[in-house]
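To start, the structure under review is shown below, and the notes come after it.
The values are calculated or read from the model by the stated rules, or taken from the named source; none is laboratory data. Here the structure is a predicted model, which means the values were calculated and not measured. Positions of Cβ are backbone-derived with ideal geometry, glycine not excepted, and every protein chain shown enters the neighbour counts.
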Amino acid sequence: MSSKRASRTRNWAERQRKDPYVQKAREGAFRSRAAFKLQQLDQKERLLRPGMSVVDLGAAPGSWSQYAACRVGPTGVVVALDRLEMREIPGVHQIIGDFFDQRIIEELRQTLGERPVDLVICDLAPNLTGVSTIDQTAMERLVLAAVEFSQQHL
């Protein structure tokens, strides 16, 4: 590993060690600090309520799904969609695949049954290349795809 890359890795590890949200995630058994972003949004906007049907796009590693499952409770449904497999989360239905794939959409419909989707949550991020124009374009594509998915399913 180059010394520049090793230095970046050490810096990242040090930031993680000092980050209060990383520490809170570990203490609260969340999979990542991202759960606190959703928690703050939920507290401000009252997004999640018991009994809701929620789809989490780009769910891995699953902290948003964890938080949503707690909020919607046993009468609600949370479906986590991602191309990456995750460890099981109590109260969350996991569908592995790309939400552009019609077979995945059909699996989502079967999972939800007659329930409508009440909320789509999304914390998608592309694999970054370090080239800003490529990364920005990739992010724009994901945002547009999430908007299109939401328009079709809400």
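Given the residues V147, V120, V131, V143, which is the only one that is surrounded by fewer than 11 Cβ atoms within 10 Å (Cβ to Cβ) and either without any contact (Cβ under 8 Å) to a residue 24 or more places away in the chain or aliphatic (A, V, I, L, M) (or both)?
V131
Quick check on my filter: what residues within the stretch 115-138 are part of a helix (DSSP H, G or I) and among the aliphatic types (A, V, I, L, M)?
I134, A138
Only one of R109, R31, R46, R71 is charged (D, E, K, R), modelled with pLDDT of 95 or more and buried (at least 16 other Cβ atoms within 10 Å of the Cβ). Can you tell me which?
Of R109, R31, R46, R71, the one residue that is charged (D, E, K, R), modelled with pLDDT of 95 or more and buried (at least 16 other Cβ atoms within 10 Å of the Cβ) is R71.
Every residue, every condition in (1) more than 24 Å from F30 (Cα to Cα); (2) touching a strand residue (DSSP E or B) at 6+ places or on another chain (Cβ under 8 Å); (3) polar (S, T, N, Q), yes or no:
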position	(1), (2), (3)
L57	no, yes, no
C70	no, no, no
L81	no, yes, no
G97	no, yes, no
F100	yes, no, no
R115	yes, yes, no
N127	no, no, yes
L142	yes, no, no
